[in-house]
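Scroll down for the structure; my scribbles are underneath it.
Laboratory data are not the source of any read-out in this text; all were calculated from the coordinates shown. Here the structure is a predicted model, which is why all the values come from computation and not from measurement. Heads up, the Cβs are rebuilt from the backbone with ideal geometry, glycines too, and the neighbour counts pull from every protein chain shown.
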Amino acid sequence: MTCDTRQFPARRPTYASTIPARPAAPGKIAPQRKLAGMQPRGVFPGTGPGDQAGGRLSSGVASAPPTWLHGPDPGHVAFFYDSQRDYADVTGDFVRAGLDAGDPVMVAVPPANAEIISEYLGGQAEGAAFRDIPVFEDMTVLGRNPARIIAALYAFADKHPGQLLHYVGEPAWSSRTQSERAEVMWHEQLLNVAFDHERIRILCPYDAAGLEREVLVQAEGTHPVLMRNRHLEHSPEFSPHAGSLDDAPLTSPPAAVPLLTYRDDPRTAREFARRQAQAAGLTEPRLTDLVIAVGELAANTLRHTKSDGTIQVWADSGEVICEVRDHGYIRDALAGRRCPPADAAGGHGLWVVHQVCDLVEMRTGSRGTVFRLHMALPG
Amino acid sequence: LPAESFEISEVAGLPVVLAAEEIDVANSGQFRQALLAAAALGPTIVVDLSRTEFCDSSGLSVLVRALRRARADGGELRLVVSTHAVRRIIAVTGVGTIFSIFPSLDQALASQPPELASSP
């Protein structure tokens, strides 16, 4: 396994150039299946056993558009659901299509929605041909820090080399903070460049009734394809720049928060972080997690820059926030989102930071890099 | 023993490196030197991290490189780990799967080489 070293700014996602505007109706599909009023079943075709031998990719097949639907390739779809029934039918059908094809399927959604999908699949199980169950991940744990989601997908992909992956990912829910929402949307944009187009099919359910309008609008910008009322369409709002964190500036730290300047001894930064976070109410084992993260960032300052770094810690509505600034510039937009191999002699720093923190905000540019580490306070 | 240094000794015929209380980018070069010196004493090295309260990923990189050298020489690297912070970074990075890890120095010293331990 190798790290993805694609550089920031991200190249234009492949979708933009590879989606045919309106796929022509193919000869091999029975025309009546295109009629309105069709069964809800089979919203995501093209992955049936007949299309791919054993779920293996044969060239060109996996990326073929869903030919009987008047719509684009469901490569990375924002699915706006308005009812539990809608959710069950569409996500359930997507999962079942993958399983029927013998492809690996991962479902990362909040637990209540995982239940809906399980029930749907359970109902389908009698007499159904699927050979396996999907891999379920609790998105409220895995995606607590959205930067961990792509890492989990890379690990899943590594377990299934050469196979088409099917992924249901629901990273947004209504109690997410503003900072989390920005990271969720940046994650969604990075999904467009994290994988080759032929490698994965992604369905991202968004609660059209429960989520803030701003979130739904941003989802249209970060997904090349949208689905509403069982209809797939190109997103007119899709842009490779949507979800950019440049549009989500960090607020200023509160006034009079102590600031430490460090340079050659990362230990001073670690000790400061421990002392301040403890005073703000953070306890073990999360205190050690924060110290580990700060240690990695302070080490990066020493290794990759020629000047000082600064650190500040404060408490804010149920969490401790630790801000680390230096004059470095992180070019790789996917840095820290892929687990280096166990025997790699390096490259673990940002990975570690993302794993131990509840949320990591990063802003990087020619003037330097700011990290904001969020740790939930106990209780 | 100075808490910030790395001490090399020989115990029960094996080179033992007693690691510093904190290992980071500022002293990982010394750590590397200590492991190289220990490697001259024998292919299998015990690294005692039991007093180490912090180790960053640069410290782990030193260990991974030392493991590669030890294996190339027909030996292994045995880690003594007993603190939360070191256990945590080993778990997060996944390197726990490639090292032999022991809770105490005695157990690390008493361990048989893998090929002997696995034979009936």
So the angle from the long Cα axis of helix B:57-72 to the longest Cα principal axis of chain B, reported in degrees to the nearest 10, equals 20 degrees
For the stretch A:304-312, Karplus-derived ³J(HN,Hα) couplings (6.51, -1.76, 1.60; θ = phi - 60°; whole Hz; x for glycine and proline) come out as 10, 10, 10, 9, 6, x, 10, 9, 9
Surrounding charge for residue B:17, neighbours by C-beta under 9 angstrom, Lys/Arg +1, Asp/Glu -1, total -2
Taking 0.36 nm per residue of separation between residue A:230 and residue A:141 and subtracting their Cα-Cα distance, the length gained on full extension comes to 29.1 nm
Among beta bridges assigned by DSSP with both residues in the stretch B:1-102, the antiparallel ones amount in percent, to the nearest 5, to 30 percent
Computed about the Cα centre, the charge dipole of chain B from +1 Lys/Arg and -1 Asp/Glu charges at the Cβ has a magnitude in debye, to the nearest 20, of 400 debye
Between the modelled labels at residue A:284 and residue A:377 (7 Å from Cα along Cα→Cβ) the distance in nm is 2.1 nm
The exposure ranking of A:306, A:159, fewest beta-carbon neighbours within 10 Å first, is A:306, A:159
Output field shielding_mean for A:292-303 (other chain Cβ, 10 Å radius) holds 4
Per residue, the convex hull enclosing the alpha carbons of chain B has a volume in Å³ of 96 Å³
Here the stretch A:289-295 yields Karplus 3J(HN,Hα) values (6.51, -1.76, 1.60; θ = phi - 60°; whole Hz; Gly and Pro given as x) of 4, 5, 4, 4, 5, 4, x
Between the Cα axis of helix B:84-93 and the main Cα principal axis of chain B, the angle (0 to 90°, nearest 10) is 70 degrees
Computed ³J(HN,Hα) along the stretch A:183-188: with the Karplus parameters 6.51/-1.76/1.60, θ = phi - 60°, integer Hz and x for glycine or proline, the list is 5, 4, 5, 5, 4, 4
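For A:302, A:259, A:282, what ranking results if the residue with the fewest other Cβ atoms within 10 Å of its Cβ goes first? Could the numbers behind the result be given before it?
Working: A:302 20, A:259 13, A:282 25.
Least crowded to most crowded, the residues run A:259, A:302, A:282.
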One checks the Cα atoms of the stretch A:195-312 and finds Rg and Dmax, in Å, of 21.2, 58
Put in order of increasing Cβ neighbours within 10 Å, starting from the fewest, A:283, A:268, B:93 give A:283, A:268, B:93
